1. Would you mention how many residues in the range 177-198 are in a helix (DSSP H, G or I), modelled with pLDDT of 75 or more and either among the basic types (Lys, Arg) or out of contact with any helix residue (DSSP H, G or I) (no Cβ under 6 Å at 6 or more places or on another chain) (or both)?
2. Any residue in the range 204-228 that is over 19 Å from Ile161 (Cα atoms) sitting within a Cβ distance under 7 Å of a residue that is outside any helix (DSSP H, G or I) and not charged (D, E, K, R)? List the pairs, counting only those 6 or more apart or interchain.
3. Read through the list (1) at pLDDT 85 or above; (2) of a type outside the set (Phe, Trp, Tyr); (3) within 22 Å of Ile71 (Cα to Cα), then give the number of the only condition that Ala121 fails.
4. Of everything in the range 401-430, what is in contact (Cβ under 8 Å) with a residue 60 or more places away in the chain and either among the hydroxyl-bearing types (Ser, Thr, Tyr) or farther than 19 Å from Ala365 by Cα (or both)? Give them in sequence order.
5. Of Thr158, Thr131, which residue is hydroxyl-bearing (Ser, Thr, Tyr) and in a loop (DSSP other than H, G, I, E, B)?
6. Please identify the pairs in which a residue from the range 263-286 that is among the aromatic types (Phe, Trp, Tyr) has its Cβ atom under 6 Å from the Cβ atom of a residue that is surrounded by 22 or more Cβ atoms within 10 Å (Cβ to Cβ), counting only partners at least 6 apart or on another chain.
7. Of the residues Ser148, Ser159, Ser187, which is buried (at least 24 other Cβ atoms within 10 Å of the Cβ) and of a type in the set (S, T, N, Q)?
8. Considering only residues that are touching a Phe, Trp or Tyr at 6+ places or on another chain (Cβ under 6 Å) and free of Cβ contacts under 8 Å to residues at least 60 places away in the same chain, look in the range 94-150 and name the one that is farthest from Ser207 (Cα to Cα).
Amino acid sequence: MSAPVVVEDVLEPSQQELRRNILDMVWPITAENVLQFLIGFVNTAMVGRLGAATILAVGLSGRISQFVWTIFNAIGTGTTVLIARAVGAGDRLRVRRVAQQGLLLAVALVGLVAAAVFAFAPWLLMAFKATPDSLPIGVAYLRILVFSMPFQVVFIITSAILRGTGNTRTPMLIATVTNLVIVVLNSVLIFGRFGFPALGFRGPAISTIVGQAVGAALAFRFLLSDRSGVNLGLEGFFSFDFPLLRRILSIGIPSSAEMAFWQLASVVLFRLINGFGTEAGAAYQLGLQAEGISYMPTAGFAVAATAFVGRSLGARKPDLAERYVKEIVRWGIALTTVTTAILVLGSRVLMSLLTDDEMVIALGAQYLLIMGLSQIPQQMAGTLSGSLRGAGDTITPMISSGIGIWGCRIPLSFLLSKRFGLMGVWWAINIDQYVRLLTVGTKYLRGKWKQSVGDDLQEEVPEA
């Protein structure tokens with residue numbers, strides 16, 4: 001019999017204790033997201049001084065990288081949910097085995113994925129309708145960037161493992177170190193300082209490789225230590241447990257498909273927007289970056305909802321799971337109200353910090369003003385989706401995204417852009433968020449997710 005994992009926050013906490021539990025989990029994620037936003041903002045501002053073509057090329061390469069992460073998101077989501085359930089049930093052996101299998105599968109796949117991106121870089125960028133002046137820059141940048149993928153995958157899955165156990169502070173600290181390395185190297189390599197040559201757009205790609213390598217080394221070392229609470233070890237690490245892998249993927253693939261809906265739609269959307277010119281594509285890219293000032297601080301609420309619902313249901317306490325969700329939603333709305341005000345009132349200032357191109361600033365500011373109207377429904381939908389994932393229901397968030405993106409965002413973008421130009425695209429994106437909240441909110445309120453108590457604890461996990 002494996003030693004139990006002690007989890008105090010499933011023992012019917014008072015409201016004050018419940019809020020403290022949420023705060024303990026959310027603040028490191030929020031701090032990590034805010035830091036990533038700020039560093040990403042600084043990095044984007046550096047790239048923004050290299051011209052609209054470079055902004056677009058680097059931005060499109062980033063979109064392709066995010067498309068790649070949909071594959072590993074399936075592994076990460078399934079791993080987080082199953083570990084949270086095992087922690088709630090006090091099953092230390094299952095925690096260890098799920099962690100081993102999630103990490104093994106990700107490492108086995110990343111080499112193949114990176115090789116494919118390197119080989120097909122020109123075609124991937126052309127799928128986004130990269131403009132002629134941005135295409136060669138994007139190909140060169142993306143082919144350097146792929147060498148950071150194995151390191152980033154190790155960090156992504158390690159973070160998923162640790163968050164499933166309730167440890168959000170370590171991923172935050174590692175991400176802090178990683179991002180600081182990247183931003184410092186960007187300043188040196190982009191502009192050529194301290195005797196280094198000015199590498200221009202190649203600088204951020206090289207900086208990312210170095211920073212992610214540092215982060216992966218720190219993450220894996222911590223995972224192997226006793227402090228992680230996972231007791232990963234290398235014994236049995238290299239043997240595939242196919243039934244467990246199927247369970248991980250059965251939970252994770254719908255969540256990955258949810259991301260894939262957006263990534264595939266982004267190809268269509270970027271093609272439409274880039275058809276308005278390089279400045280339009282650059283404005284959208286920078287607008288997405290600036291919009292992070294609103295949604296990044298609250299992104300941790302969805303992660304917390306997944307972890308607390310998974311733990312509570314693993315401990316067979318569905319009412320406690322519902323209490324956590326209600327409190328997280330309230331906190332999310334309050335914080336989003338503040339960040340939305342910053343986004344709307346400072347729209348032009350934010351864009352001016354990212355570029356000095358007046359046309360890009362004007363178009364991006366329009367985007368931010370319209371997006372301000374959808375921040376609260378976006379945050380609520382994200383939290384409720386996270387709650388359903390914690391219950392093992394990754395199908396509903398996938399369907400919600402599919403309806404919102406392909407049933408609303410894409411068709412409305414083409415329809416409204418014919419009448420209102422780029423403003424029509426911005427409004428279509430806004431409306432999509434309300435559709436998603438309606439879909440996922442309806443499923444959550446029906447309450448059937450609470451009936452999944454103990455579902456993932458039926459299988460015995462063999463000794464590693």
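1. Qualifying residue count for the region: 5.
2. Within 7 Å, the pairs are Ile206/Leu199.
3. Of (1) at pLDDT 85 or above; (2) of a type outside the set (Phe, Trp, Tyr); (3) within 22 Å of Ile71 (Cα to Cα), only one is false for Ala121: (1).
4. Ser401, Gly402, Ile405, Trp406, Arg409, Ile410, Ser413, Phe414, Ser417
5. Numbers: Thr158 fails: in a loop (DSSP other than H, G, I, E, B).
One residue alone meets the criteria, Thr131.
6. Phe270/Phe128; Tyr284/Ile273
7. Details: Ser148 fails: buried (at least 24 other Cβ atoms within 10 Å of the Cβ); Ser187 fails: buried (at least 24 other Cβ atoms within 10 Å of the Cβ).
Going through Ser148, Ser159, Ser187 in turn, the sole match is Ser159.
8. Keep residues of the range 94-150 that are touching a Phe, Trp or Tyr at 6+ places or on another chain (Cβ under 6 Å), which gives 100, 106, 128, 137, 141, 143, 146.
Still in the list and also free of Cβ contacts under 8 Å to residues at least 60 places away in the same chain: 106, 143, 146.
Working: Ala106: 23, Arg143: 14, Val146: 12 Å.
Only one residue tops the list, namely Ala106.
The values are calculated or read from the model by the stated rules, or taken from the named source; none is laboratory data. Quick caveat, the model's predicted, so the values are computed rather than measured. Every residue, glycine among them, receives a Cβ derived from its backbone with ideal geometry; neighbour counts consider all protein chains shown.
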